[in-house]
Amino acid sequence: MQKKHLTHITPSGDIRMADVETKMPTKRVAVAEAVVEMAPATLELLKKSSLPKGNALACAQVGGIMAAKRASEIIPLCHPLALSFVNISFAIHDKPPQVHITAETRAENATGVEMEAIVAAQAAAAIIYDMCKAVQRDIVITRVRLIHKSGGKSGEFNAPAWHE
């Protein structure tokens with residue numbers, strides 16, 4: 001088995017940011033998800049925008065977009081990117097009571113936008129928790145994962161369906 005080239009480690013073992021200078025920019029797309037599980041009563045307040053802190057989904061949408069734009073400040077060695085598109089969307093399910101978050105990021109770049117999508121989904125989930133914690137503390141954030149990516153040398157990835 002041939003030893004794989006490590007992009008974030010120098011020959012002497014030091015950590016470095018991967019050099020993408022010679023890579024050709026391509027259209028990159030990434031989609032990540034997160035799920036926020038809560039009690040039915042909490043979900044009803046969220047759906048009616050009646051939480052003590054206000055409209056949780058509006059805050060989570062804006063906060064998720066902001067987080068995607070700052071992923072390189074959170075993830076060590078992550079390249080700062082000029083994103084061309086970020087979208088945060090929500091699907092509310094009554095049974096089981098949960099909010100399914102989808103975060104999509106796009107850019108034309110020499111490196112992917114997966115971390116931006118994952119950070120956006122996680123931030124949106126954390127904001128929903130924050131907005132709901134006055135009425136419920138045992139909310140669970142789960143199923144954070146990349147569900148799609150395209151572009152770049154490695155091509156397309158689609159996650160298998162999630163089985164509860």
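What is the set of long-range amide H partners of residue 28 at a cut-off below 5 Å, with H atoms built 1.01 Å from backbone N?
Here the answer is 107, 108, 109, since their amide H atoms fall under 5 Å of that of residue 28.
Could I get the Rg over Rh figure for the chain? Both from C-alpha atoms, Rh via Kirkwood, rounded to two places.
Using Cα coordinates only, the ratio equals 1.05.
Work the Kirkwood hydrodynamic radius out for the stretch 27-92: mean of 1/r over every pair of different alpha-carbon atoms, inverted, in Å.
Its Kirkwood hydrodynamic radius stands at 14.0 Å.
Kindly put 46, 83 in sequence by how many other C-beta atoms sit within 10 Å of each C-beta, fewest to most.
83, 46
Just in the stretch 85-160: which GluC sites (Glu not before Pro) are loop by DSSP and have at most 15 other Cβ atoms within 10 Å?
156
So for the chain, taking the charge dipole from beta-carbon charges (+1 Lys/Arg, -1 Asp/Glu), which of 157, 71, 124 sits furthest toward the positive end?
Projecting each Cα onto the dipole axis, the largest value belongs to 157.
Where does each of 153, 95 land when they are ranked from fewest to most other beta-carbon atoms within 10 angstrom?
In order of increasing Cβ crowding within 10 Å: 95, 153.
Counting other C-beta atoms within 10 Å, which of 93, 100 has the fewest, and how do the rest follow?
93, 100
With +1 on the Cβ of every Lys and Arg and -1 on the Cβ of every Asp and Glu, and nothing else charged, how large is the dipole of the stretch 26-154 about its Cα centre, in debye rounded to the nearest 20?
140 debye
Taken together, the values in this text are just the output of simple stated rules run on the coordinates, not laboratory data. Being a predicted model, the structure only gives us computed values, none of them experimental. Virtual Cβ from ideal backbone geometry, glycine too; neighbours counted across all protein chains shown.
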